[in-house]
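Notes to accompany the following structure.
The values are calculated or read from the model by the stated rules, or taken from the named source; none is laboratory data. Since this is a predicted model, take the numbers as computed values, not measurements. With ideal geometry, Cβ positions are generated from the backbone for all residues, glycine too; neighbour counts draw on all protein chains shown. The protein model used for the area step is the full one, side chains on, heavy atoms only, and it has no ligands, DNA or RNA in it. Shrake-Rupley method; radii C 1.70, N 1.55, O 1.52, S 1.80 Å.
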Amino acid sequence: MSSHSPYKVLCVCLGNICRSPTAEVVLRHFCDAHQLDIVVDSAGTSNYHPNKAPDPRSQQHALKRGYDLSTLRARQLTTQDFLEFDLILAMDHENFKNIQSLKQKALNQYKTHQIRASVALMSEHDPVYKQQALPDPYYGETDGFERVLDQCESSAKAWVQMFKQQIRTVDQ
Ligand code: 4NP
């Protein structure tokens with residue numbers, strides 16, 4: 001983690017209108033609360049909803065916990081993202097596979113040393129939902145949106161602990 005340019009994290013799901021916008025805002029909240037200089041963004045592996053605001057159901061459930069998703073707009077993950085971001089977080093295992101495929105394209109397109117991004121699951125270090133998929137709430141009921149928030153909060157707290165350990169390692 002450099003002290004000059006902030007560490008950059010990209011949260012990625014399928015549509016970039018339910019899970020990854022929620023993960024973006026929740027992770028940013030916990031990074032800010034711990035005064036971590038980390039940039040957080042989100043994208044989708046698909047281009048189903050370009051420039052769309054997050055799903056109104058995601059917005060409503062998030063707002064009840066104080067998270068404002070209203071200004072976010074969906075975009076598709078690109079090979080350039082592997083140059084810009086340090087860490088790409090997949091919301092489920094299918095997202096993970098699709099992100100790895102695009103990383104391979106980025107490796108073919110650019111020089112190896114230009115690729116910065118590692119890929120991990122959002123739930124990688126989560127003690128409650130360890131390496132579990134963040135279930136897609138899009139076709140489901142309201143409890144799915146609460147589950148997304150519960151799991152994003154739990155996983156984001158675990159990542160913040162990881163980031164704090166990395167900073168300590170660099171400082172020492
Ligand atoms: P997300 O949810 O990947 O969490 O944003 C979805 C949003 C839209 C669709 C699927 C999943 N869709 O098929 O349009």
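Here are some notes:
- Within region 78-92, considering residues that are more than 16 Å from Val39 (Cα to Cα) and within 16 Å of the ligand (Cβ to nearest atom), the one surrounded by the most Cβ atoms within 10 Å (Cβ to Cβ): Met91
- Any chance Ile88 is part of a strand (DSSP E or B) and touching a residue at least 60 places away in the same chain (Cβ under 8 Å): yes
- Reported count of residues in region 141-172, each being farther than 16 Å from Ala62 by Cβ and among the small types (Gly, Ala, Ser), is 1.
- Scanning region 34-65 for residues that are without any contact (Cβ under 8 Å) to a residue 12 or more places away in the chain, of a type outside the set (D, E, K, R) and either more than 16 Å from the ligand (Cβ to nearest atom) or surrounded by 14 or more Cβ atoms within 10 Å (Cβ to Cβ) (or both) returns Gln35, Gln59, Leu63.
- Selected residue (criterion: nearest to Val25 (Cα to Cα)) from residues of region 128-160 that are in contact with a helix residue (DSSP H, G or I) (Cβ under 7 Å, 6 or more places away or on another chain) and among the small types (Gly, Ala, Ser): Ala156
- Residue in region 137-152 that is closer than 16 Å to Val40 by Cβ, of a type outside the set (Val, Ile, Thr) and open to solvent by 10 Å² or more (accessible area, probe 1.4 Å) present: no
- Yes/no for Ser42 being out of contact with any Cys (no Cβ under 6 Å at 6 or more places or on another chain) and on the phi < 0 side of the Ramachandran plot: no
- Checked against (1) of a type outside the set (Ser, Thr, Tyr); (2) open to solvent by 40 Å² or more (accessible area, probe 1.4 Å); (3) in a helix (DSSP H, G or I), Phe163 passes all but condition (2).
- Within region 81-98, the residues that satisfy the criterion of being under 24 Å from Tyr129 (Cβ atoms) and in contact with a helix residue (DSSP H, G or I) (Cβ under 9 Å, 6 or more places away or on another chain) are Leu87, Ile88, Leu89, Ala90, Met91, Asp92, Asn95.
- Condition broken by Asp81, with the remaining ones in (1) under 30 Å from Lys64 (Cβ atoms); (2) in contact with a strand residue (DSSP E or B) (Cβ under 7 Å, 6 or more places away or on another chain); (3) not polar (S, T, N, Q) satisfied: (1)
- In region 137-156, the residues that are under 14 Å from the mean Cα position of the chain (by Cα) and within 19 Å of Phe96 (Cβ to Cβ): Val148, Gln151, Cys152, Ser154, Ser155, Ala156
- Selection count, region 113-160, where residues are at positive phi and part of a helix (DSSP H, G or I): 0
This table checks each residue for (1) farther than 23 Å from Ala133 by Cα; (2) in a loop (DSSP other than H, G, I, E, B).
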{"site": "Leu10", "(1), (2)": "no, no"}
{"site": "Asn16", "(1), (2)": "no, yes"}
{"site": "Ser20", "(1), (2)": "no, no"}
{"site": "Gln35", "(1), (2)": "yes, yes"}
{"site": "Asn51", "(1), (2)": "yes, yes"}
{"site": "Gly66", "(1), (2)": "yes, yes"}
{"site": "Ala74", "(1), (2)": "no, yes"}
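- Of all residues in region 7-33, those being open to solvent by 40 Å² or more (accessible area, probe 1.4 Å) and under 21 Å from Phe82 (Cα atoms) number 3.
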